[in-house]
Amino acid sequence: MDVDEILTGLYSEPGRQNPYPWYAALHGHGPISTVPTRAEHSTITAVAVGYDLVGQVLRDPEWYKQAPPGWQEQEILRTFNSSMMFVNPPDHTRMRSVFAKTFTPRRLGALEPVIVRVVDTLLDRMAEAGADGAETDFVADFAYPAPALVMAEFIGLPESDLDWYRQRVDWIDEFLDVAGKTPQRLTQANQAAEELRAYYRDLIAHRRARPGEDLISGLVEAVDAGDVALTEEELIGNLIVLFNASFVTTVYMFSNGLPLLLAHPDVVAALPGDDALARGCVDEVLRLESPVHFLARAAPRDTELGGVPVRRDENVLLMIAGANRDPARFPEPDRFDPRRDGPPSLAFGVGPHFCLGAAVSRLEGRLALPRLLARFPRLTVTRPPTYSGSLFLRGIDKLFVSTGG
Ligand code: HEM
């Protein structure tokens, strides 16, 4: 099969449902392949799946994030470009350092009891909903609210705003997918960005008047005191991106992870009380079923990558989910093995943009999964899962289970 056929298959509906055979086919062509037929206006010149090569590009600070043409005219892209995730040094370094300071081990430690409280409350609700053998949706009852409630508390968003917020997150995520740049999706993403900006402006004014212990209050105080190099508009852009980045990704860590774990009863049985195994499960779930499937970087100059020429300012699509199943780095790459030793997966990226919240998600997974499985030892999946349909953020949106109660 040639690379055009593979990419067509990968982007198709069935490919989004199960992209792994397509990544395996790409590996058959080597770590990187030229994209033979480019879509109109596309700047993607090559697609990389080799673990080492993808890591090499992500680590290289000269390979940069390219804003799409005309970004100044779109609210959503202006918002992205005022946040660390979408910009390059020196702006990236400046903004990231402000937020990195807030993700201290002390703050993470303080998050532990919050996670345990949120998880236990949700498990109680799941037990009630699933009493008498009733089928429940694990995503609606647990995988979605757990990270949303934890992050809302961490950032300082009122819980009552979360349903409203979710719709805006969905509009933005739909726009981010490979096929997401339709006029309708752009309009919705612009609307979401506009409404979220207004939302944060109000929240900031509120916290300025009545500061609390939350992240927003702390950041507003630091910005107002001139202690940090961040404008209010950048604060807003970064808060939008921070919550967006923390949210669906972690939902999918749980929803993609549960069927994998349940398919391995020996692991489930050994999990309670084995913290090293819990960590291994989280990392292996993220390797095998990465919530984020690809990233992109643009070349700083005319160059060659793995024998493939890449012109200056052209992009390489970096298939991190494919790299996480590189047989050269992960023997039997499709096998779930939480005790595997090997290189870290690229699920959180690597290099200057390495996920700022990796420790938060890992902590959520490590604390929640053993509690969930200890609470419901007879938990079973009752129907085939429904996937998001997106390749960029791929995960299970509906997962019906029986708690066995
Ligand atoms: C399992 C859950 C998560 C996954 C799979 C994930 C994945 C990623 C990936 C792949 C990147 C790199 C983007 C790039 O290189 O272009 C990233 C960046 C980022 N993530 Fe996460 N993430 C997760 C959870 C979180 C959480 C919980 C937070 C916030 C608490 C968060 C905040 C961020 C931020 C702010 C960035 C941008 C960092 C920068 O550009 O310097 N993420 N994430």
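The values are calculated or read from the model by the stated rules, or taken from the named source; none is laboratory data. Computed from a predicted structure; not experimentally measured. Heads up, the Cβs are rebuilt from the backbone with ideal geometry, glycines too, and the neighbour counts pull from every protein chain shown. These area figures cover heavy atoms from the full protein model, side chains too; ligands, DNA and RNA do not enter into them. Shrake-Rupley method; radii C 1.70, N 1.55, O 1.52, S 1.80 Å.
Confirm whether Gly237 is touching a helix residue (DSSP H, G or I) at 6+ places or on another chain (Cβ under 7 Å), of a type in the set (Gly, Ala, Ser) and crowded, with 17+ Cβ neighbours inside 10 Å.
The answer is yes for Gly237.
Residue by residue through the range 77-90, note down the ones that are open to solvent by 70 Å² or more (accessible area, probe 1.4 Å) and either within 11 Å of the ligand (Cβ to nearest atom) or within 16 Å of Ala296 (Cβ to Cβ) (or both). Steps first, please.
Narrowing the range 77-90 to residues open to solvent by 70 Å² or more (accessible area, probe 1.4 Å): 78, 85, 89-90.
Residues satisfying the conditions are Met85, Pro89.
Can you pull out the residues in the range 54-76 that are within 15 Å of the ligand (Cβ to nearest atom), open to solvent by less than 20 Å² (accessible area, probe 1.4 Å) and not small (Gly, Ala, Ser)?
Val54, Val57, Leu58
Which residue is most open to solvent (accessible area, probe 1.4 Å), if the candidates are limited to the range 265-288 and must be out of contact with any Gly (no Cβ under 7 Å at 6 or more places or on another chain) and under 22 Å from Gln17 (Cα atoms)?
Once the filter is applied, the top-ranked residue is Asp283.
Which strands (runs of 3 or more DSSP E) sit wholly inside the range 239-310 and have at least 2 residues that are under 24 Å from Gly322 (Cβ atoms) and near the ligand (Cβ under 10 Å from one of its atoms)?
295-298
Taking the range 84-106 as the region of interest, how many residues are in contact (Cβ under 8 Å) with a residue 12 or more places away in the chain and under 29 Å from Phe142 (Cα atoms)?
The number of residues fulfilling the criteria is 5.
When residues of the range 8-59 are filtered for being under 23 Å from Arg312 (Cα atoms) and under 22 Å from the mean Cα position of the chain (by Cα), how many remain?
The total comes to 14.
Quick grid of which residues meet (1) away from the ligand (no atom under 13 Å from the Cβ); (2) assigned to a loop (DSSP other than H, G, I, E, B); (3) open to solvent by less than 10 Å² (accessible area, probe 1.4 Å):
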| position | (1), (2), (3) |
| --- | --- |
| Arg312 | yes, yes, no |
| Asp326 | yes, yes, no |
| Arg339 | yes, yes, no |
| Ala347 | no, yes, no |
| Leu356 | no, yes, no |
| Glu364 | no, no, yes |
| Leu372 | yes, no, yes |
| Pro377 | yes, yes, no |
